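Chemist: First, the structure itself, so that you have it in front of you.
The values are calculated or read from the model by the stated rules, or taken from the named source; none is laboratory data. Predicted, not measured: the structure shown is a model, and the values here were computed from it. Cβ sites come from the backbone with ideal geometry, for glycine too, and all protein chains shown count toward neighbours.
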Amino acid sequence: TVQKETLGFQTEVSKLLHLMIHSLYSNPEIFLRELISNASDAADKLRFEALTHADWLSEDPELKIWIDVDKEAKTITLRDNGIGMSRQEVIDNLGTIARSGTSEFVKNLTGDQKKDAQLIGQFGVGFYSAFVVAQKVEVYTRRAGVAASEAVKWESEGEGAFTVESIDKAERGTTIVLHLRPTQEEFADAFRLKNIIHKYAEHIAIPVCMKAQKWNDEGKEEVGDYEAVNKAAALWTRPRNEISEEEYQGFYKHIAHDYENPLAWNHNKVEGKLEYTSLLFVPKRAPHDLYQRDGVRGLKLYVQRVFIMDDAEQFLPMYLRFVKGIVDSNDLPLNVSRELLQSGKVVDSMKSALTRRVLDMLTSMADSKAEDYAACWAQFGNVLKEGVAEDQSNQDKVLKLLRFASTLSGDAVESVALADYVARMKEGQEKIYYLTAENFTAASQSPHLEVFRKKGVEVLLLTDRLDEWLMTHLTEFDGKQFQHIAKGDLDLGSLSSEEDKKAEEQLQETSQPLVERLQKILADKVQAVKATQRLTDSPACLVRSQYDLGAAMRQLLEASGQ
Ligand code: ADP
Ligand code: MG
């Protein structure tokens, strides 16, 4: 029975299609990367399901992708023998945007094509990029384990609706036919496609095959057998020195669904008691859901080259949730589940090793590529700050990665490392001085800074909402205590000269009557009135007691009902 039905795209998809077609026109070739990437995912999924359905793989065991071009018909055909899709899966996957965060996506659309094109990459909507080059797309697919007579054909011109019908299909997997738009006919060219495959899909783990092209003695083109265009080995299994930057970047884009290159990566093979390979990336830009409770995080997990799951969160702490990458273990069982990952020695020791790796990667970026690290801090600094509290065992490393604004840097950009601050400390200075405030202007104009300016002592200016919370977890760095300059008595330690001390005594004596009078007048408004040398230009300022909560902290607690 051939039941054909016409269905409408989810509204978001229609918006997206429109957007795609108009925003990717400058880089249409990425359609091939996205479709190859999907075929490769389909192979991964089949291999995984074959762990429990061995016959699904054994009936057609060599997983591949084949690409054909028809110059006359102006079509490109991509074929894979991966997992395929059932009728319902076709409707769900190729008619809606399934990932969580869909509405977020639509909310995030700005109408600015450049920005929106960046967003597309983060939402798992690669399939629809087919419509950038194709005016009509046909998908023929049969899921592993489903009868040949229950295969499905999907077809659409990308304008609001698609059709689905039942068909016969002998082989497992998916075939996609792209009918090129008249303006995109240049893609009906085998050489062009092979170049794109080298550029974007060299790292794909299975063969991406196209027919060999040869020229006979008369100079006419002859088409030979299928041959692999790419290297066809899982990228992380290859030796580091044989992998190009472009391949690492391409691989990152494949797994992270990002359109931009990563800032840094680290590829490492561990042998010994535990055996695993990791390939970790620091993105250039924070994903939209970095601060959402149910945001996507974690690594792609493989066990002995077999893809097991996306978003395995157990291998890195929360404060490194912006890191993308894969980990391939030889020690975990193939049937490992999310529940099993929750506890266990193997996972725990991998997690602490991977955490150190990421921190080392960030440290070396901070040491040798200051500009990249500044970009990284601007995107992920607030997340890294969480590590001060979350990860006591690596606190030293995390502290070295922190960056602050200060009276010396003179602008709101957080660029001062604690080590730099300490190196610049004045003779006799024992503490790291800081001030918290609502914003940078308020901080830098605070009267509390007067005496520090006079003495040429640098003060860190903390103006982020998180900073007061952060400082409750920070007691010292490099043996130096942190001191809030607007809390408690101002003790400049050895920074005060003998002269200062004499002046102080004198001040206390002469101001005694005034202090007492003010104390009476303000009795129900303040805890105490004190004479101070804190100020050089302003007549008076409010000071919080050493143990008082900061203003932002108080607001946070009030907001949470405490
Ligand atoms: P993503 O790959 O990020 O999930 P896509 O828009 O690229 O998003 O693909 C949507 C979904 O369609 C995939 O998750 C997958 O379930 C399904 N799909 C696409 N292409 C194939 C294919 N060749 N074989 C099997 N399923 C596919
Ligand atoms: Mg995809």
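Chemist: Hey, does the stretch 349-356 have a residue that's of a type in the set (Lys, Arg) and in contact with a strand residue (DSSP E or B) (Cβ under 9 Å, 6 or more places away or on another chain)?
Modeler: Initial filter on the stretch 349-356 (of a type in the set (Lys, Arg)): 351, 356.
Subset that is in contact with a strand residue (DSSP E or B) (Cβ under 9 Å, 6 or more places away or on another chain): none.
No, every residue in the stretch 349-356 fails to be of a type in the set (Lys, Arg) and in contact with a strand residue (DSSP E or B) (Cβ under 9 Å, 6 or more places away or on another chain).
Chemist: Quick check on my filter: what residues within the stretch 283-316 are crowded, with 19+ Cβ neighbours inside 10 Å and among the hydrophobic types (A, V, I, L, M, F, W, C)?
Modeler: Val296, Leu299, Leu301, Val303, Phe307, Ile308, Ala312, Phe315, Leu316
Okay, residues lined up against (1) part of a loop (DSSP other than H, G, I, E, B); (2) modelled with pLDDT under 95; (3) buried (at least 20 other Cβ atoms within 10 Å of the Cβ):
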| site | (1), (2), (3) |
| --- | --- |
| Asn241 | no, no, no |
| Phe251 | no, yes, yes |
| Asp258 | yes, yes, yes |
| Lys269 | no, no, no |
| Lys273 | yes, yes, no |
| Phe281 | no, no, yes |
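Chemist: Determine which member of the set Ser26, Ser40, Ser14 is under 34 Å from the mean Cα position of the chain (by Cα) and assigned to a loop (DSSP other than H, G, I, E, B). Please lay out each step first, then the result.
Modeler: Numbers: Ser40 fails: assigned to a loop (DSSP other than H, G, I, E, B); Ser14 fails: assigned to a loop (DSSP other than H, G, I, E, B).
Just a single option satisfies the conditions, and that option is Ser26.
Chemist: What about Glu159, is it crowded, with 19+ Cβ neighbours inside 10 Å and assigned to a loop (DSSP other than H, G, I, E, B)?
Modeler: No, not satisfied.
Chemist: If you don't mind, there's one more thing I want to ask. Which one of these does Leu401 not meet: (1) of a type in the set (A, V, I, L, M); (2) modelled with pLDDT under 95; (3) within 23 Å of Asn268 (Cα to Cα)?
Modeler: (2)
Chemist: Considering only the stretch 291-302, I want to know if a residue exists there that is part of a strand (DSSP E or B), within 11 Å of the chain's Cα centre (by Cα) and farther than 25 Å from Ser343 by Cα. I'd like the intermediate steps shown before the answer.
Modeler: So the first thing to find is which residues in the stretch 291-302 are part of a strand (DSSP E or B), and the list is 299-302.
Restricting the remaining residues to those that are within 11 Å of the chain's Cα centre (by Cα) gives 299.
If we keep only those that are farther than 25 Å from Ser343 by Cα too, we end up with none.
Within the stretch 291-302, not a single residue is part of a strand (DSSP E or B), within 11 Å of the chain's Cα centre (by Cα) and farther than 25 Å from Ser343 by Cα.
Chemist: Do we have any residue at all in the stretch 491-499 that's under 30 Å from Leu399 (Cα atoms) and modelled with pLDDT of 70 or more? Spell out how you get there, then give the answer.
Modeler: At the first step, the residues of the stretch 491-499 found to be under 30 Å from Leu399 (Cα atoms) are 491-496.
Imposing the further condition that a residue be modelled with pLDDT of 70 or more reduces the set to 492.
Within the stretch 491-499, one or more residues are under 30 Å from Leu399 (Cα atoms) and modelled with pLDDT of 70 or more.
Chemist: Moving on. Looking at the stretch 221-239 only, could you name the residues that are β-branched (Val, Ile, Thr) and assigned to a strand (DSSP E or B)? Can you show your working first?
Modeler: Step one: filter the stretch 221-239 for residues β-branched (Val, Ile, Thr), giving 223, 229, 237.
Val223, the sole residue that qualifies.
Chemist: Looking only at residues that are in contact with a helix residue (DSSP H, G or I) (Cβ under 8 Å, 6 or more places away or on another chain) and at negative phi in the stretch 140-155, which one is surrounded by the most Cβ atoms within 10 Å (Cβ to Cβ)? So that I can check it myself, show each step before the final result.
Modeler: Within the stretch 140-155, the subset in contact with a helix residue (DSSP H, G or I) (Cβ under 8 Å, 6 or more places away or on another chain) is 141-145, 150, 152, 154.
Keeping just the survivors that are at negative phi gives 141-144, 150, 152, 154.
Values: Thr141: 28, Arg142: 26, Arg143: 25, Ala144: 22, Glu150: 14, Val152: 25, Trp154: 23.
Among those residues, the one meeting the criterion is Thr141.
Chemist: Now for a different question. I'd like the full set of residues that are within 20 Å of Lys211 (Cβ to Cβ) and within 13 Å of ligand 1 (Cβ to nearest atom), limited to the stretch 41-64.
Modeler: Matches in the stretch 41-64: Leu63, Lys64.
Chemist: So which of Glu171, Glu165, Glu186, Glu218 ends up being loosely packed, with under 13 Cβ neighbours inside 10 Å and over 35 Å from the mean Cα position of the chain (by Cα)? So that I can check it myself, show each step before the final result.
Modeler: Details: Glu171 fails: loosely packed, with under 13 Cβ neighbours inside 10 Å; Glu165 fails: loosely packed, with under 13 Cβ neighbours inside 10 Å; Glu186 fails: over 35 Å from the mean Cα position of the chain (by Cα).
Testing whether each residue is loosely packed, with under 13 Cβ neighbours inside 10 Å and over 35 Å from the mean Cα position of the chain (by Cα) leaves just Glu218.
Chemist: Which condition does Val106 not pass, out of (1) among the β-branched types (Val, Ile, Thr); (2) modelled with pLDDT under 90; (3) within 16 Å of ligand 2 (Cβ to nearest atom), if it passes all the others?
Modeler: All conditions pass for Val106, except number (3).
Chemist: Mind checking which residues of the stretch 459-470 are in a loop (DSSP other than H, G, I, E, B) and buried (at least 20 other Cβ atoms within 10 Å of the Cβ)? Talk me through it step by step, then tell me what you get.
Modeler: Filtering the stretch 459-470 down to residues in a loop (DSSP other than H, G, I, E, B) leaves 459, 463-466.
Residues satisfying the conditions are Val459, Thr463.
Chemist: What number of residues in the stretch 166-198 are closer than 15 Å to Asn81 by Cα and of a type in the set (D, E, K, R)?
Modeler: 3
Chemist: If we keep just the residues of the stretch 121-171 that are of a type in the set (Ser, Thr, Tyr) and within 16 Å of ligand 2 (Cβ to nearest atom), which is nearest to Ala54 (Cα to Cα)?
Modeler: Per the criteria, the residue is Thr141.
Chemist: Tell me the residue from Leu32, Leu7 that is away from ligand 2 (no atom under 16 Å from the Cβ), among the hydrophobic types (A, V, I, L, M, F, W, C) and either assigned to a loop (DSSP other than H, G, I, E, B) or farther than 15 Å from Thr141 by Cβ (or both), please. Let's see the steps before the verdict.
Modeler: Working: Leu32 fails: away from ligand 2 (no atom under 16 Å from the Cβ).
Answer to the check: Leu7.
Chemist: Which of (1) more than 16 Å from ligand 2 (Cβ to nearest atom); (2) outside any loop (DSSP other than H, G, I, E, B) is the odd one out, the single condition Thr52 does not satisfy?
Modeler: Every listed condition holds for Thr52 apart from (2).
Chemist: Now for a different question. Can you tell me which condition Ala423 does not meet? The list is (1) of a type in the set (A, V, I, L, M); (2) without any contact (Cβ under 8 Å) to a residue 12 or more places away in the chain; (3) in contact with a Lys or Arg (Cβ under 6 Å, 6 or more places away or on another chain), and all the others hold.
Modeler: Going through (1) of a type in the set (A, V, I, L, M); (2) without any contact (Cβ under 8 Å) to a residue 12 or more places away in the chain; (3) in contact with a Lys or Arg (Cβ under 6 Å, 6 or more places away or on another chain) one by one, Ala423 breaks only (3).
Chemist: When you look at Asp41, is it within 16 Å of ligand 2 (Cβ to nearest atom) and free of Cβ contacts under 8 Å to residues at least 12 places away in the same chain, yes or no? Reasoning before the result, please.
Modeler: Details: within 16 Å of ligand 2 (Cβ to nearest atom): yes; free of Cβ contacts under 8 Å to residues at least 12 places away in the same chain: no.
In short, no.
Chemist: For the stretch 158-179, enumerate the residues that are among the hydroxyl-bearing types (Ser, Thr, Tyr) and either within 13 Å of ligand 1 (Cβ to nearest atom) or under 13 Å from Asp60 (Cβ atoms) (or both).
Modeler: Filtering the stretch 158-179 down to residues among the hydroxyl-bearing types (Ser, Thr, Tyr) leaves 163, 166, 174-175.
Listed by number, the residues that qualify are Thr174, Thr175.
Chemist: For the stretch 400-409, does any single residue satisfy the condition of being surrounded by 15 or more Cβ atoms within 10 Å (Cβ to Cβ) and part of a helix (DSSP H, G or I)?
Modeler: Checked against the condition, which is being surrounded by 15 or more Cβ atoms within 10 Å (Cβ to Cβ) and part of a helix (DSSP H, G or I), the stretch 400-409 yields at least one hit.
Chemist: One residue is enough: does the stretch 77-90 have a residue meeting the conditions closer than 26 Å to Glu221 by Cβ, away from ligand 2 (no atom under 16 Å from the Cβ) and within 32 Å of the chain's Cα centre (by Cα)?
Modeler: Yes, that holds for at least one residue.
Chemist: Can you tell me which residues in the stretch 57-75 are over 22 Å from Ile204 (Cα atoms) and either buried (at least 19 other Cβ atoms within 10 Å of the Cβ) or among the basic types (Lys, Arg) (or both)? Break it down into steps so the answer makes sense when it comes.
Modeler: Looking only at the stretch 57-75, we keep the residues that are over 22 Å from Ile204 (Cα atoms), and these are 59, 70-75.
Hits for the stretch 57-75 are Lys71, Lys74.
Chemist: Among the numbered conditions (1) in a helix (DSSP H, G or I); (2) among the hydroxyl-bearing types (Ser, Thr, Tyr); (3) farther than 18 Å from Arg285 by Cα, tell me where Ser343 comes up short.
Modeler: (1)
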